[in-house]
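The values are calculated or read from the model by the stated rules, or taken from the named source; none is laboratory data. Remember, predicted model here, so these are calculated numbers, not experimental data. Virtual Cβ from ideal backbone geometry, glycine too; neighbours counted across all protein chains shown.
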Amino acid sequence: MDQKRTIVHIDLDSFFVSVERKFNPALIGIPVLIGGSADRGVVASCSYEARKFGIHSAMPMKQAMKLCPHATIIRGSHGRYSEASREVTEIIEDSVPLFQKSSVDEFYIDLTGMDRFYDCYQIASNLRQRVIKETGLPISFGMASGKTVAKMATNASKPNGQLFVKHGQEMQFLAPLAINKIPGLGESTAQKLYQYGIEKIGDLQRTNIRFLETVFGKAGTFLWERAHGIDHSEIVPHSDRKSISTEHTFDINVNDQRTLETILVSMTEELSSKLRRENKLASCLAIKIRYANFETHTQQQKIALTAAEHILLPGVKKLLKKAWNQHRPIRLIGVRLSNLTSGRYQINLFEDNEERIRLYQAMDNINFKFGDKTVCRAAGMEIGTRNFNPFLKG
């Protein structure tokens with residue numbers, strides 16, 4: 001008989017807003033929007049007071065201000081959010097043997113087997129209280145037999161609460177919830193389910209799996225399993241030490257700045273796209289150059305968590321100027337993104353306008369479907385991808 005799993009999902013409530021409130025308590029209790037400009041920006045995060053007006057993340061800021069004209073808009077700070085995320089990560093790392101950091105403000109913890117010696121719910125409760133005490137940030141958790149139900153339990157416990165869905169009670173907990181509460185369920189799938197009169201997860205539980213597989217293919221199996229609280233996905237151990245890098249060796253040594261910057265653009269695009277596909281963010285940027293005599297130089301800098309090349313490229317070009325003696329031709333050049341952590345591109349929403357976000361999404365979708373560099377910056381088009389491997393692991 002398989003061992004019963006005990007999975008805890010932890011989520012920091014309105015993370016960006018909560019961090020800002022630590023620095024400015026006057027923001028407590030009022031509608032707060034974190035994001036870009038009121039004209040063309042989007043909402044990266046919003047307080048619960050703002051959500052009452054129908055505002056949500058990724059909504060155009062202009063629309064949000066129409067819904068709540070008296071809301072306070074804050075540009076946001078990469079550095080503050082990265083540091084707060086690091087503090088929480090260190091507390092969790094110090095408290096449990098196995099955890100996954102799925103974004104800057106979201107974690108999964110595996111306590112399977114610990115119930116033989118400890119009360120797992122008490123462990124999670126103590127951890128939550130420690131985070132609140134040491135960081136001052138509100139945090140919620142859900143505990144269940146799998147990642148999906150644990151995450152949904154967290155959502156049900158917010159704000160600043162906790163909920164344990166006991167083994168065998170998953171279906172009972174899920175049944176009254178709307179189908180759009182299932183993590184990973186897209187809007188188009190939800191609309192099709194509505195057409196068949198399936199609005200609650202309980203409706204989905206009563207639907208024959210063969211019917212779901214006929215209508216949705218493999219996704220039908222996913223829907224049926226999630227509706228029944230079945231989720232065998234594993235905890236992916238957390239590590240901030242991973243990196244991705246790429247290098248290019250020239251057939252003829254190069255000392256032309258335009259050529260070097262062109263290939264750096266191409267490399268940075270490739271690596272940034274890979275980060276976004278894997279829901280990763282980097283906090284360290286480095287370049288490497290090697291001269292004709294094999295003398296090698298590297299330059300690196302810490303950066304705010306990002307997966308966007310328009311943020312990385314200025315840093316890459318700046319590091320090139322620091323590393324390169326322009327009187328010496330270069331044999332090899334490389335880019336490395338490191339200190340990776342799981343996280344969505346949303347952390348950059350407060351710096352971007354709606355058009356830029358849609359552009360990235362469109363580029364990534366096209367390149368994923370038709371191959372890398374199907375769509376790219378003009379500066380990177382001059383460099384093909386056949387001469388180097390953009391996904392070389394560092």
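The residues on offer are Ser37, Ser14, and the sole one that is at pLDDT below 95 and within 30 Å of Asp119 (Cβ to Cβ) is Ser14.
For the stretch 22-48, the set of residues classified as free of Cβ contacts under 8 Å to residues at least 40 places away in the same chain, surrounded by 19 or more Cβ atoms within 10 Å (Cβ to Cβ) and not in a strand (DSSP E or B) consists of Ser47 only. Filtered by the rule that a residue be surrounded by fewer than 22 Cβ atoms within 10 Å (Cβ to Cβ) and basic (Lys, Arg), the stretch 85-127 gives Arg86, Arg116. Lys274 meets each of the listed conditions (1) exposed (fewer than 15 other Cβ atoms within 10 Å of the Cβ); (2) under 28 Å from the mean Cα position of the chain (by Cα); (3) of a type in the set (Lys, Arg) apart from (1).
Only residues that are among the basic types (Lys, Arg), exposed (fewer than 14 other Cβ atoms within 10 Å of the Cβ) and part of a loop (DSSP other than H, G, I, E, B): list them for the stretch 239-271, please.
Across the stretch 239-271, the qualifying residue is only Arg241.
Evaluating Leu185 against the criteria (1) surrounded by 13 or more Cβ atoms within 10 Å (Cβ to Cβ); (2) outside the structural domain of Phe15 (by TED's automatic domain parsing); (3) part of a helix (DSSP H, G or I) leaves one unmet condition, (3).
When you scan the stretch 250-285, how many residues do you find that are touching a Leu at 6+ places or on another chain (Cβ under 8 Å) and of a type in the set (Gly, Ala, Ser)? Summing the residues that are touching a Leu at 6+ places or on another chain (Cβ under 8 Å) and of a type in the set (Gly, Ala, Ser) in the stretch 250-285 gives 3. Contact map, the stretch 133-160: residues that are farther than 25 Å from Asp115 by Cα paired with residues that are of a type in the set (Gly, Ala, Ser) and part of a helix (DSSP H, G or I), Cβ distance under 6 Å, separation 6+ or inter-chain. Pairs shown: Leu137/Ser18; Pro138/Ser18.
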